[in-house]
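Notes to accompany the following structure.
The values are calculated or read from the model by the stated rules, or taken from the named source; none is laboratory data. What you see is a predicted model; the values in this text were computed from it and never measured. Cβ: placed from backbone, ideal geometry, glycine included. Neighbour counts: every protein chain shown. With ligands, DNA and RNA removed, areas are computed over all heavy atoms of the protein, side chains included. Shrake-Rupley method; radii C 1.70, N 1.55, O 1.52, S 1.80 Å.
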Amino acid sequence: MQEIRAKVVLIGSIGVGKTSLVERFVHQKFSNNYLSSIGVRVDSKEVVLPEAKVKLLIWDLAGEIYLSNQYHKYLLGSAGAILVYDITRPDTYDSIQSVTDAINEEYSKISLVTVANKADLQEDPQFKDYISEEHQCDFMTSAKTGENVEMVFQKLAQGIFENSSKLKA
Amino acid sequence: MTTQNDTFDQLRSILLSKDKEELYQINDNLRIELLSEIEAIKTQLDDPDLFSQKIEGARSQIVDILGPVMGRMIRKYVQSEIEKLNESIQKSKERIFAKATWKNWFSRDSPIGIQNMDAPRLLEILLINKDSGLLVSKYSKEKITDPDIVAGMFTAIKSFVETVFEQDIHELGLIDYGEHKILLQTYGSYYYAIIFSGVNNASFKEVVLAEVDSFSEIHLIQLKDGAVSDHDISDLTSRMTNHFEKVCKRLEQRSYS
């Protein structure tokens, strides 16, 4: 079975739940202190697809890096990115479409997944529909309950595998 | 014609002739007295028993005179020697507890091992992609926790420092952490993280970097186009292991402490 290793960057505003998503997905090896000291914490998790094993090296970036628009340089060499926002805070998703466009334009080979997190805090189905229709949203997740968390990384790994196959071809 | 100076000389000679004679007499008397005193001391010194008696008799006076001076000198000397000793103990203690785990301590078979505890030891070399932070190849003497994550974190730290100091030309070259040092050396799209323990010794560094250079010149050429296959990576890893195994042995034979 083919083995792929890929850098994946997790970006989004402060307090949207990026670190909680990683904690839910991986067995965390390093302390969160790295986030406050150097703004990045790296973790890894292997996703097994029918065609390949994809080892994701997940770079969890501090929200400040996103807000100060410095996340671009961290996307260098990335095969994938997860853009996270908080479903309960419009300020975290108001500009999500323009950010998605910018990433797609600058890094066309990156597999990008957008995530509306904290879905457990929003019970109104109409509001969820509104989010899905009006804003970029591949998944609604809850790091608290684990809802869709695995799916996010599965989709990302699949996208990375497909891009890698295209490159090889 | 006599000058004014000659007149003064004649006057001085008339007025002081008597004083002069008296002065010569005093000098003679003094010289005789001094010579007899010296003779007496010489006799006492030549006779150890007599000298001991004199010293014994004047003991309290000698102690009174020399005591304060000698005391201060001795106190200063002792204090300075104690400080030196403390410093040396402290240094040895730090060296011993920082460098050697008890396991290492007992595994050393001679005191020479203790002397060389400060000597730098090459532990690990990681070849990392500069942008992605992905580990390309490695040489490792001991198994470390997930080298992929370690490579990622080094890249994150490097990137962080270079962003903070807004350095386009300079790059982070050394991470110093306790007994471990990590040298970072860039080659095009890749960089090496060279991990060693012991003192940061310039000649050791020079030798290691020269070896890394020579390895890169021969073997990194296959990575230059950026498209690296799994086969390339595994091939490179075995070449790297071969190369640096030999380097490590050579380094261990030389002392850099």
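In peptide B:152-161, how many Cβ atoms from other protein chains are near each Cβ within 10 Å, on average?
Working: counts 10, 9, 1, 7, 10, 5, 1, 7, 7, 1.
Shielding by partners across B:152-161 averages 6.
Check which residues have an amide H placed less than 5 Å from A:Q136's amide H, if you skip close sequence neighbours.
A:Q97
Enumerate the calculated ³J(HN,Hα) couplings along the range A:77-88 in order (Karplus 6.51 cos²θ - 1.76 cosθ + 1.60, θ = phi - 60°), each rounded to whole Hz, writing x wherever the residue is Gly or Pro.
x, 7, 9, x, 8, 10, 9, 10, 9, 9, 4, 8
When Cβ neighbours within 10 Å are restricted to other protein chains, what is their mean count per residue of peptide B:129-141?
Details: counts 3, 2, 7, 9, 9, 7, 2, 1, 0, 0, 0, 0, 0.
Mean inter-chain Cβ contacts per residue within 10 Å come to 3.
Of the cross-linked pairs A:K166/B:K158; A:K73/B:K205; A:K7/A:K166, which ones have a Cα-Cα span greater than 21 Å in the structure shown? Each step should come with its number before you reach the end.
Details: A:K166/B:K158 31 Å; A:K73/B:K205 31 Å; A:K7/A:K166 18 Å.
Going by Cα-Cα distance, A:K166/B:K158; A:K73/B:K205 fall outside the 21 Å limit.
Provide the per-residue ³J(HN,Hα) series for the range B:246-254, in order, calculated from phi with Karplus coefficients 6.51, -1.76, 1.60 and θ = phi - 60°, each as a whole number of Hz, with x at glycine and proline positions.
Computed from phi, the couplings for the range B:246-254 are 5, 4, 4, 4, 5, 5, 5, 6, 9 Hz.
Among B:22-33, A:7-18, A:112-123, B:43-54, how do they line up from the highest to the lowest mean number of other beta-carbon atoms within 10 Å?
On the way: B:22-33: 10.0, A:7-18: 23.2, A:112-123: 20.2, B:43-54: 11.5.
Per-residue Cβ counts within 10 Å, averaged per peptide and sorted highest first, yield A:7-18, A:112-123, B:43-54, B:22-33.
Given points 7 Å out from each Cα along the Cα-Cβ axis, report the B:E142 to A:Q154 separation in nanometres with one decimal.
With each label placed 7 Å out from Cα toward Cβ, I get 4.1 nm.
Let me confirm one metric for peptide A:38-49, namely the mean number of other chain beta-carbon atoms within 10 Å of its residues' beta-carbons. Each step should come with its number before you reach the end.
On the way: counts 9, 5, 8, 4, 12, 4, 4, 0, 0, 0, 0, 0.
Per residue, the number of nearby Cβ atoms from other chains is 4 on average.
Can you work out the FRET efficiency for the pair B:L16 and B:Y77, with r the C-beta to C-beta distance and R0 = 45 Å, to the nearest 0.05? Can you show the working numbers first?
Working: r = 54 Å, r/R0 = 1.21.
Given R0 = 45 Å and the Cβ-Cβ separation, E is 0.25.
Averaged across orientations, what area in nm² does the convex hull of the alpha carbons in the range A:18-153 project? Provide the component values of the computation, followed by the final result.
Numbers: hull surface 34.8 nm².
Hull-based average projected area comes out at 8.7 nm².
Once the whole set of protein chains is in place, how much accessible area is left on A:K168, using a 1.4 Å probe, in Å² to the nearest 10?
Counting only protein heavy atoms, A:K168 exposes about 140 Å² to solvent.
How do the peptides B:182-192, A:93-103, B:6-16 rank, highest first, by the average count of neighbouring beta carbon atoms within 10 Å per residue?
Working: B:182-192: 19.1, A:93-103: 15.7, B:6-16: 10.2.
Ranked from most to least packed, the peptides come out as B:182-192, A:93-103, B:6-16.
May I ask you to derive the FRET efficiency for B:S189 and A:K53 from their Cβ-Cβ distance with R0 = 25 Å, giving the value to the nearest 0.05?
Numbers: r = 25 Å, r/R0 = 1.00.
Plugging the Cβ-Cβ distance into 1/(1 + (r/R0)^6) gives 0.50.
What residues qualify as long-range amide H neighbours of B:K138, i.e. H under 5 Å apart, gap of 5 or more or another chain, H built at 1.01 Å from N?
For B:K138, the qualifying residues are B:L127.
Give me the one-decimal nm value for the distance between modelled label points at A:E162 and A:S95, 7 Å along each residue's Cα-to-Cβ direction.
2.9 nm
What are the residues whose amide H is under 5 Å from the amide H of A:A143, where those residues sit 5 or more places off or on another chain and H is modelled from the backbone?
Residues meeting the criterion, in which the H sits 1.01 Å from N, are A:K118, A:A119.
For the range B:1-51 and the range A:127-165, what is the centre-to-centre distance using only Cα atoms, to the nearest Å?
Their Cα centres are 116 Å away from one another.
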